[in-house]
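The next block holds one structure in the form of structure tokens; read it before the comments.
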Amino acid sequence: MPNKRSLHIESSGQLCIYCGACVGICPLNCIYLDETRITFDERICTRCEVCVKACPVGAIEIG
Amino acid sequence: MVDDLRTDVLVIGAGPAGSMTAKWAAKHGAEVLLIEKRQEIGSPVRCGEGMSKDWFPEVGITPSPHWINVEVEGARIFSPSEKVFEINEKYAGNEVGFVVERDGFDKQLAIDAANAGAEVLLKTAALSVLKENGKVVGVKAKRFGEPFEIRAKVTIGADGFESQVGRWAGIPTNIAMRDMDTCLQYRMTRVDCDVRYCDFYLGKVAPGGYVWIFPKAEGIANVGIGVQLSKVKGMADPRTYLDAWIANHPGYAKGKKIDMVGGGVSISPPLKQTVGDGIMLVGDAARMIDPLTGGGIANGCIAGKICGEVAAKAAEQNDASKEVLMAYDKGWRARLEEKLYRNWLAKEKLCTLSDETFDKVIDALQGVKLEKLSVHNILRAVRDKYPEITKEFESFL
């Protein structure tokens, strides 16, 4: 069964403070911080939601 | 086009641990390249900015008014019902000392590294490690957006909590959810902070962590919180808890926020492995943060000095095999590991305490004069008044 829920990282700066908390905790190492941009690899991410909890400002959502 | 580079020692990340490593490697005669992905060392700050000071001579840091805001006399620990346990300077050398401007501090350490002979490259990010026959021989990097390679006899990952270098090199650095705090801090002005103390509030106000008040000047303080990730329930919990704490404390509720920082802090046991063929990890990247206090600068710098010395030696011998680099692993463990492990066990216990128990612990410490501040001494004091609490802690006594 493909997991249809999608991860959304708000990294335009409205919420994200580029602190790297999500990057450091991701158990699959699939979130990347590039100074002022956070990206993740859709193919690797399992929607485990650890990053959602780790984000201190609530910039990551899974819908 | 950016030219490929070659060096003895490559340090990735110019935070305190990286700069300290670069400085000591250069002092021992190695050719050192220190790369930093940001354009400005130390900025933006991601730190509570409180640090102890008794370790400065060991690593060769000279305190400077350029980056010291306040020299505190002690720390105050507040229980959930806000009973206070005061630790004064004499006993708290490891826990309190200065409140600093972290960007100024980081810049000072980078200056020290550069003055010792290290080259510093800004806007230079590592993208992956180069491996030959299973041995790390440098990194692919990009500088001002241009890709290039840096070849090094020894590569050192000092790339912080979000470290990638260790993972690329095949050194496991993953941490469990109970071994991470997610943190948020405001710089606030017009607050009733006491510049003589760093304050810590324990209990449900910050599950698995604490609220801290580190004074920057009269009326100005860093007001922050760490919450254990395994106790986080919703989105943005640190902000929710911190805002609630501030709202419940009139001396802070009247203040104004002028800055906000956040980040992850590891509160894990020490890594089992910090070296591989051609590679070493240091500082937050090696999970060297004290799991009880959340402080990482002292440990990062102390390990950085050892790392730099071993790196220089390996480069000189032209042998950066894991066996040779193990001198660093053994060296930092001899200096730091016992305390890290003990404090991790203490953290694991503290995270299970109820507010009622926290109150009793702080109550038991009222009027107690501890000769030396340690988990052991605190537990002995608590045992005298509430023996039932310390039953679970027998292993520490």
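DSSP bridge analysis restricted to chain B gives an antiparallel fraction near 70%, rounded to the nearest 5.
Would you mind checking B:Lys27/B:Lys123; B:Lys231/B:Lys349; B:Lys123/B:Lys313; B:Lys204/B:Lys231; B:Lys216/B:Lys339 for any pair whose Cα atoms are more than 21 angstrom apart? Beyond 21 Å between Cα atoms: B:Lys27/B:Lys123; B:Lys123/B:Lys313; B:Lys216/B:Lys339. The Cα trace of segment B:109-185 gives Rg and Dmax of 15.1, 45 Å, the first to one decimal, the second as a whole number. The orientation-averaged projection of the convex hull spanning the C-alpha atoms of segment B:241-373 amounts to 11.8 square nanometres.
Determine the sum of side-chain charges near B:Trp24: Lys and Arg each +1, Asp and Glu each -1, restricted to other residues whose C-beta is under 9 angstrom from that of B:Trp24.
Combined, the nearby Lys, Arg, Asp and Glu give +2.
Counts of other chain beta carbons within 10 angstrom of each beta carbon in peptide B:224-237 average 3. Per-residue mean of foreign Cβ neighbours for A:23-31 is 5 (Cβ atoms of other chains, 10 Å radius). Close amide H contacts of A:Leu15 (hydrogens built in the peptide plane, cut-off under 5 Å, sequence separation of 5 or more or a different chain): none are found. Inter-chain neighbour count for A:47-57: the average number of beta-carbon atoms from partner chains within 10 Å of each residue's beta-carbon is 6.
Normalised by residue count, segment A:1-60 yields a Cα convex hull volume of 76 Å³ per residue. What angle do you read, to the nearest 10 degrees and between 0 and 90, between the alpha-carbon axis of helix B:338-350 and the longest principal axis of chain B? So the inclination is approximately 40 degrees.
Directionally averaged projected area (chain B, Cα convex hull): 19.1 nm². Here is how the number arises for chain B: DSSP H runs of 4 or more residues each give -39500 (n - 2.57), the sum is divided by the residue count, and the result at 222 nm is -9000 deg cm²/dmol. A cut-off of 5 Å between modelled amide H atoms, ignoring neighbours fewer than 5 places along the same chain, links B:Met260 with B:Arg187.
Computed packing ranks the peptides B:140-149, B:106-115 as B:106-115, B:140-149, most packed first, by mean other Cβ atoms within 10 Å. FRET efficiency for the pair B:Lys123 and A:Ile44, taken as 1/(1 + (r/R0)^6) with r the Cβ-Cβ distance and R0 = 35 Å, rounds to 0.80. Cross-linked pairs B:Lys347/B:Lys391; B:Lys23/B:Lys322; B:Lys305/B:Lys330: Cα-Cα separations exceed 18 Å for B:Lys23/B:Lys322. Note on B:Lys131: aspartates and glutamates with a C-alpha under 14 Å away, same-chain residues under 8 apart excluded, are B:Glu149, B:Asp277.
The amide H of B:Tyr197, built 1.01 Å from its N in the peptide plane, has B:Glu73 as neighbours under 5 Å, considering only residues 5 or more places off or on other chains.
Cysteine residues of chain A whose C-beta has no other cysteine C-beta under 4.7 angstrom: A:Cys16, A:Cys19, A:Cys26, A:Cys30, A:Cys45, A:Cys48, A:Cys55.
The numbers here are math on the coordinates, done by the rules we state, and not lab data. None of the values given here were measured: they were computed from a predicted structure. Cβ atoms come from the backbone with ideal geometry, glycine included; neighbour counts cover every protein chain shown.
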